[in-house]
Every structure is written in structure tokens, then in C-alpha cells.
Amino acid sequence: MGFDQFVAERLDRLLGYATAITCDKHLAQDIVQNVLMRAQNKWERIGAMDAPYLYVKRMVTNDYLSWRHRKAAREIAVERSELAKHVPSMADPADAHAEREAMRARIAVLPRKQRAALVMRFYEDCSDAEIAQVLGCAESTVRSQLSRALQTLRAHELARSATLGVHS
Amino acid sequence: MNDLIRSAIAAEAEERVDSRTVLAELHKRKARKPFGLIIGVATLTVAAAAAAVIIPTAAKKTDASPAELQPPKAENVLLIGTDDANHADALVFARFEPDGSASVISLPRDIFAESSADKINSLYLGGPRMLTNEIQHLTGAPVDHFAAVKMSEFGKIATAVGGVEVCLNKAMKEPYSGVDLPAGRQTLAGDQALAFLRQRHGLLNGDLDRTKRHQAFLAGLAAKITKDNAPALARVIGGSIEVDEGWDVLAFASRFQGPVKIKTATLPVGEMITRASVFGFAPDPAQAKQFVEKQFGGGEATQSGCVN
């Protein structure tokens, strides 16, 4: 597959993935742009692979998880956790939109690697093996990252229902 | 809860920017990429020459009195143009004579190193010493010092000297670089100067014309450096130039008393080869040594003729 064809077919999906793991569309845009510039320079090699998309996704993920974006990620997390504090008390539990936004805010404050695993599972429908390949870790690590993320989200979900129960 | 997670993540992903914006940006960067090399070469030479003129001015405030300075000797300096990620994007080997004249050789960065599988420009990532050792090996000439300069400062440098005179054989208008210039002798600054150096497309002799352009520009720029504009130039360059420890820059700089006479050339390269499926030039130390010896040994200064 040629580079131009790859970009035409996959750019939108790659942007969606990057936005979901970074929770910041501008950071996502920067990362995707930089990664594609780099990928283009060695496309001869990447294009010949079985799964070029998986490889480019790995580049995007590594870039986000690298030290370079640690500060940006922290700032986004702080901003989102402020938001998250306010959402539950104001939300009507029957309101699906509010419920989704509350979940979004909770996902945004997860550790970066856990969120990346979560997005690959629930947005990209990846197998444990594929996630392990992208994150560069063992499948057992993927499973523990996912179960820890789900545990956190579930705990929050319970706390939220309880709070709403008291106030309603 | 899984459906809720799914829809929350989908909502987050939905926020993504329009892919057409990204496509446009990719296209723009692709067109911009190769320009760095030339700009770097020019910046480096000018920065070194300017630093040389400037430092005595700035040094008057310190305790070193000019009377204590040794008379200057000829020194070979490797000038390294770095991009924002601190990669060596341009390499220039310069010999500065005691009388202040300079002989400058552009080193094509696609030459493979002999000491490793990489190209010479990637050696800088392993430290300046790795790079200077390789250059010494390749050219047979000692590298006395090195100076690294950020190339992004170039625009300001051109403006700081009040423009540079060049001469074009014919009028040139070309959309990629944004060049839009009349024929004949003219003074360039800021964006026009950049466009002049950047242009790759629509040149009669391709790369050859491009090299001639940057060398003509260098000569013009060097001629504009004076004691009066040096302080302004110092402010522009000061924060972005890095030199080796132990370089007595004062002694080095004392040779420059006015505009810098400069002659420029490009190192001839060996044949095009591939290593690990990367294209580059084979190193040819025998030819390189001969060329550098001749170039550093003397010869005519670059003529300020017109270029394509």
C-alpha cells in the first residue's frame, strides 16, 4: 500500500483514535501529523508490513506515552477532573447524555496507558494480542491494565449512583 | 457499563479535527522540508563570522584586555546547523585565516560515515566529538573547534544586517517557495531572502543552481557584517549558538576587523550507494583530502556574479 493511499483510507480513523486517547483534539492533531511525517520517510519499510495501520498506531501511541507529552497529559487530566467533579451532582441519572459525559470525564482522568488500552478495546475492537503489540508489553499486562481501568470506572459509577440517590 | 464506555469513547473520538486540515498541513510540510539544508549552511557561516566580529565588542566589559591576546592563527571550525529537534541538518567546514578571510566547504549530509553505518549528519546525536572525529578522518584536516547554531534564527539574521545584495539572471516567480523577484541586482531581507534560499523547483540546473545561490548569498551576507550592525546581530544569534568548551573565542575573534572575505565550495562526493536500503553517497577520503587541502590552501575569493 502506498503512503498516499494509506493516508486517504486511514487518516480519519487515526485522528479519532488519537483524539480518544489524548482527550485533546489539538494534541491529537500534532501527534498524528508528526507521526505521519516520520512514517512517510520510512514508508518503504512500513508499507511492506502485514499491518501498516497497527504499526502507525503504535507510533502514535508511543509518541503520546513518551515523556514529551507528559506535561500536556497532566494538564488535560487536571482540567477534566475539575469537570468530572461537577458533572455527577448536576446530572440527571435518566439523562443518557449527561451519563455519557460523566463517563467521558472519568475516562479522561485514567492513567494514560490504561486509557490507551481501553480505547483500543472499546473503540478499535482490538484483541489482547493486538493491544499488547501496540503497547509493546505482554498480553497479561494488557489484561491487568484493562481490568484496573474497568475497576476504577466501576467504583466511580457506584459512587456516583450513591451520591445521586442521596440527593434525588 | 461497557456500552456506556463505548459511547463515551466514541463521543471523545467524535471531537477529532477535520482530516482535510491535517492533509493540507502534511502537504505544506512536505514542500517545506528540503529547505533546511541551505538555510542552515548560510546561517552557520554568517553566525560564525558575526559571532567573531561581535564577541570583541561584548568582551570589552570583561577583564580580558586586548593587549593580552595572542596574535590569531589559522583555525578550522566545524559549523553545525541544527533543527528544532537538535539534529545536525547542515554541516560546513570552515578555515579562518589570521587576516580574517574564510574558506568554507559545504559537506553534503548524505555522505555515509566510515566509522559507523550512519550518514555523517546523524553522528551528531552521539555527541559533537563523534562527528568531528569523522570529519577529521574524512578530510584529513584537523577540526580545531565546533559551533552549533539553530537554523530557525536565520530570518532574523538576514534582517539584522539590513538585507543582502544578490543578482538574478532573470526574474523568478515560483509558488512553492513564494519567490517573486525581478531580474538584476537587488537587496533581500526577511521572507524574500528565505524564499531565495528555499527555492528548489523551477531552477535551470537544479541543485547546482541552488548551491550557487546560497554561496552567492553567503558572500553577500558576509560583506554586510560591520562593527555597527554586529551588536544587533549578536543579540539575534547570542542565545542560539553553542561552541566547544575551551575555545578561546576572543583570540579567534580578534582577527576580524571588517567585512569577512569568504570563498565557498561544496565537497565532492563518491558514488551513490545504498546501505540498509538507505540512499547516500560513499565516502571518498582520498578525493576529499585533496579537495580540502586545495580549498583551504588558497585560491580566488568567490565572485559576486549573477545566479539563476
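The values are calculated or read from the model by the stated rules, or taken from the named source; none is laboratory data. These figures come from a predicted structure and were not determined experimentally. As a convention, Cβ positions derive from the backbone with ideal geometry for all residues, glycine included, and neighbour counts pool all protein chains shown. Note: areas computed on protein heavy atoms with side chains; ligands, DNA, RNA excluded. Shrake-Rupley method; radii C 1.70, N 1.55, O 1.52, S 1.80 Å.
Are any residues in the range A:137-154 open to solvent by less than 60 Å² (accessible area, probe 1.4 Å) and part of a helix (DSSP H, G or I), and if so, which ones? Reasoning before the result, please.
Within the range A:137-154, the first condition is being open to solvent by less than 60 Å² (accessible area, probe 1.4 Å), and the residues that meet it are A:137-138, A:141-142, A:144-146, A:149-150, A:152-153.
Scanning the range A:137-154 gives A:T141, A:V142, A:S144, A:Q145, A:L146, A:A149, A:L150, A:T152, A:L153.
Scanning the range A:18-28 for residues that are within 7 Å of chain B (Cβ to nearest Cβ) and either touching a Gly at 6+ places or on another chain (Cβ under 8 Å) or assigned to a helix (DSSP H, G or I) (or both) gives A:T19, A:A20, A:K25, A:A28.
As a summary of the residue check, A:L11 satisfies the conditions (1) at the interface with chain B (Cβ under 9 Å from one of its Cβ atoms); (2) outside any helix (DSSP H, G or I) except for the one numbered (2). Those helices (runs of 4 or more DSSP H) of the range B:1-99 in which at least 2 residues are open to solvent by 30 Å² or more (accessible area, probe 1.4 Å), modelled with pLDDT of 85 or more and at the interface with chain A (Cβ under 10 Å from one of its Cβ atoms), considering only elements entirely within it, cover B:2-14, B:19-32. A:Y123 meets each of the listed conditions (1) touching a residue at least 40 places away in the same chain (Cβ under 8 Å); (2) of a type in the set (S, T, Y); (3) more than 9 Å from chain B (Cβ to nearest Cβ) apart from (3). Within the range A:95-128, if we keep just the residues that are in a loop (DSSP other than H, G, I, E, B) and not aromatic (F, W, Y), the residue that is surrounded by the fewest Cβ atoms within 10 Å (Cβ to Cβ) turns out to be A:D125. Each residue in the range B:236-269 was checked for being part of a loop (DSSP other than H, G, I, E, B), in contact with a strand residue (DSSP E or B) (Cβ under 9 Å, 6 or more places away or on another chain) and at pLDDT 70 or above, and 7 pass.
Return a yes/no flag: does the range B:111-123 have any residue that is touching a residue at least 12 places away in the same chain (Cβ under 8 Å) and in contact with a Gly (Cβ under 6 Å, 6 or more places away or on another chain). Looking through the range B:111-123, at least one residue is touching a residue at least 12 places away in the same chain (Cβ under 8 Å) and in contact with a Gly (Cβ under 6 Å, 6 or more places away or on another chain).
Can you say whether A:Y53 is part of a helix (DSSP H, G or I), among the aromatic types (F, W, Y) and touching a Phe, Trp or Tyr at 6+ places or on another chain (Cβ under 7 Å), as far as the supplied structure shows? Against the criterion (part of a helix (DSSP H, G or I), among the aromatic types (F, W, Y) and touching a Phe, Trp or Tyr at 6+ places or on another chain (Cβ under 7 Å)), A:Y53 does not qualify. Every listed requirement among (1) under 15 Å from the mean Cα position of the chain (by Cα); (2) modelled with pLDDT of 85 or more; (3) not acidic (D, E) is met by A:R100 save one, (1).
If you go through the range B:272-298 and keep only what is more than 28 Å from B:P98 (Cβ to Cβ) and among the aromatic types (F, W, Y), you end up with B:F279, B:F281.
Do we find that A:I31 is facing chain B (nearest Cβ under 10 Å), β-branched (V, I, T) and in a helix (DSSP H, G or I) in this structure? I'd like the intermediate steps shown before the answer.
Numbers: facing chain B (nearest Cβ under 10 Å): no; β-branched (V, I, T): yes; in a helix (DSSP H, G or I): yes.
For A:I31, the condition - facing chain B (nearest Cβ under 10 Å), β-branched (V, I, T) and in a helix (DSSP H, G or I) - is not met.
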